[in-house]
């Protein structure tokens, strides 16, 4: 009886060790690497049917006169090469610096026209709207966020021509439609159909 108990006791650590050593392989086999037909680690050229539908091109700027990073977006269709949108992230991400910025913005541009932040004091977004000397609408947004991962983190300023951005989008869509052959349109219709093999990671 004692020998049987000893064997059982010895088997428990051995079994645990077996599970421990085999679990990484099991985890690796179960790790999802693909969704919507795209696989992590694959070369982008493996997907020739991808349509590059970015209607604006971006230039990235780092460490720029008090800004940590910035994105300068310019047109490709209606206003090729013309800057239509600026998004800049300040080096200082603190709420104290945001309050200082807001004070200076209000002094220069007056009271904001819109509040687009949340009701919980997590994301602060104040917006001003202007019309320049050429009759173009100008949108100015000052944003602070340190918690909501779905929004840009830090202190962000956005400056844009909203109508021109929309014109760029519509121009690009029209240009893409003109280039589509009947065969391409048929392939698009086919790939629009839901497919569980594509919708669940694997």
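The values are calculated or read from the model by the stated rules, or taken from the named source; none is laboratory data. What you see is a predicted model, and the numbers here were worked out from it, not measured in a lab. Because the Cβ atoms are built from the backbone with ideal geometry, glycine has one as well, and the counts that use them run over all protein chains shown.
For segment 140-159, give me each residue that is in contact (Cβ under 8 Å) with a residue 60 or more places away in the chain, buried (at least 19 other Cβ atoms within 10 Å of the Cβ) and out of contact with any helix residue (DSSP H, G or I) (no Cβ under 7 Å at 6 or more places or on another chain).
Selection gives 154, 156.
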Exercise for the section: Filter segment 120-153 for residues that are within 23 Å of the chain's Cα centre (by Cα) and in a loop (DSSP other than H, G, I, E, B) and give the result. Expected result: 120, 121, 122, 146, 147, 148, 149, 150, 151, 152, 153
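Return yes or no: is residue 42 assigned by TED's automatic domain parsing to the domain that holds residue 124, assigned to a loop (DSSP other than H, G, I, E, B) and either at pLDDT below 95 or crowded, with 17+ Cβ neighbours inside 10 Å (or both)?
When the stated conditions are applied, residue 42 does not pass them.
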Problem - Single unsatisfied condition, residue 121 versus (1) exposed (fewer than 12 other Cβ atoms within 10 Å of the Cβ); (2) touching a residue at least 12 places away in the same chain (Cβ under 8 Å) - result: (2)
Practice task
Test residue 98 against the stated conditions and say whether it is in contact with a strand residue (DSSP E or B) (Cβ under 9 Å, 6 or more places away or on another chain), closer than 30 Å to residue 167 by Cβ and in a helix (DSSP H, G or I).
Solution key: no
